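Colleague: Structure in structure tokens, see below.
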Amino acid sequence: MHCPFCQHEDTRVIDSRLSEDGATVRRRRECPACSERFNTFETAELKLPAIVKQDGRREQFDERKLRAGLELALHKRPVATDAVDVVVAKIIESLRRSADREIPSRRLGDWIMEALRPIDQVAFVRFASVYRRFEDVQAFREEIERLEREIPVLEGKQMTLLDEPVPVGEGTRRKGRSA
């Protein structure tokens, strides 16, 4: 490896360590010419399957597009960045495990919804509304009702999505669990 400081053609590895997830090797290097030290990271480069869009176009999987879609669905939601990283890693792992050279975009969307559902119900419905192209309010209501049947409300973390207001004194309060 060339030294990034003096461009010397050879550097020496001082130390190698495996990352926590075991997917990356960090190498500490030193240049014999200028004595500068620097890190390099080594990861396996695996070709992920192409995504086949509904109109038949094929695109290479783009992690940035996945992350942007997740962040849009999770906009202003109380979800840690680490949770987004976990979802992205889970989707990439699913792509790697598939033996297919091409994956229909519908399957990718299903994996994303499956990963979003337990993290945040509102983000799940937001993503589903775009992914499934909801045409009216009834489609939203049906998806929310299906979600409420399938997943019990996480104690103390999320309200049910279709809570009914209950009169309390002069104002109104939501019936159900509070956030």
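Colleague: Counting just the residues of the stretch 7-30 that are part of a strand (DSSP E or B) and surrounded by 12 or more Cβ atoms within 10 Å (Cβ to Cβ), which one comes out nearest to the chain's Cα centre (by Cα)? Step through it out loud before you land on a result.
Modeller: Going through the stretch 7-30, the residues part of a strand (DSSP E or B) turn out to be 12-18, 24-30.
Add one more test, that the residue is surrounded by 12 or more Cβ atoms within 10 Å (Cβ to Cβ), and what stays is 16, 24-30.
Details: Ser16: 29, Thr24: 19, Val25: 23, Arg26: 24, Arg27: 28, Arg28: 30, Arg29: 33, Glu30: 36 Å.
Selected residue: Thr24.
Colleague: Just checking, does the stretch 40-55 include any residue being under 21 Å from Arg126 (Cα atoms) and modelled with pLDDT of 90 or more?
Modeller: Going residue by residue through the stretch 40-55, those that are under 21 Å from Arg126 (Cα atoms) are 53-54.
Still in the list and also modelled with pLDDT of 90 or more: 53.
Taking every residue of the stretch 40-55 in turn, at least one turns out to be under 21 Å from Arg126 (Cα atoms) and modelled with pLDDT of 90 or more.
Colleague: Based on this model, can you work out whether Arg67 counts as at pLDDT 90 or above, surrounded by 10 or more Cβ atoms within 10 Å (Cβ to Cβ) and under 30 Å from Ala128 (Cβ atoms)?
Modeller: Working: at pLDDT 90 or above: yes; surrounded by 10 or more Cβ atoms within 10 Å (Cβ to Cβ): yes; under 30 Å from Ala128 (Cβ atoms): yes.
Answer is yes for this residue.
Colleague: Of all residues in the stretch 31-54, count the ones that are under 16 Å from Met1 (Cβ atoms), in a loop (DSSP other than H, G, I, E, B) and either acidic (Asp, Glu) or in contact (Cβ under 8 Å) with a residue 12 or more places away in the chain (or both). Steps first, please.
Modeller: Restricting attention to the stretch 31-54, the residues satisfying the condition of being under 16 Å from Met1 (Cβ atoms) are 31-43.
Cutting the leftovers down to in a loop (DSSP other than H, G, I, E, B) gives us 31-36.
Okay, now just the ones that are also either acidic (Asp, Glu) or in contact (Cβ under 8 Å) with a residue 12 or more places away in the chain (or both), so 31-34, 36.
Count: 5.
Colleague: Still on this structure: Determine which single condition Ala99 fails, assuming it passes every other condition in (1) outside any helix (DSSP H, G or I); (2) out of contact with any Asp or Glu (no Cβ under 9 Å at 6 or more places or on another chain); (3) closer than 30 Å to Arg146 by Cα.
Modeller: (3)
Colleague: Are any residues in the stretch 28-82 in contact with a strand residue (DSSP E or B) (Cβ under 7 Å, 6 or more places away or on another chain) and either over 30 Å from His8 (Cβ atoms) or of a type in the set (Ser, Thr, Tyr) (or both), and if so, which ones?
Modeller: Here is the first cut: in the stretch 28-82, the residues in contact with a strand residue (DSSP E or B) (Cβ under 7 Å, 6 or more places away or on another chain) are 28-30, 32, 37-43, 49-53, 58-61.
Of everything in the stretch 28-82, those that are in contact with a strand residue (DSSP E or B) (Cβ under 7 Å, 6 or more places away or on another chain) and either over 30 Å from His8 (Cβ atoms) or of a type in the set (Ser, Thr, Tyr) (or both) turn out to be Thr40, Thr43, Pro49, Ala50, Ile51, Val52, Lys53, Arg58, Glu59, Gln60, Phe61.
Colleague: Output the residue which, of all residues in the stretch 31-52 that are of a type in the set (D, E, K, R) and under 30 Å from Lys65 (Cα atoms), is surrounded by the most Cβ atoms within 10 Å (Cβ to Cβ).
Modeller: Filtering the stretch 31-52 for residues that are of a type in the set (D, E, K, R) and under 30 Å from Lys65 (Cα atoms), the one surrounded by the most Cβ atoms within 10 Å (Cβ to Cβ) comes out as Glu42.
The values are calculated or read from the model by the stated rules, or taken from the named source; none is laboratory data. Here the structure is a predicted model, which is why all the values come from computation and not from measurement. So basically every Cβ, Gly included, is an ideal-geometry build from the backbone, and we count neighbours across all protein chains shown.
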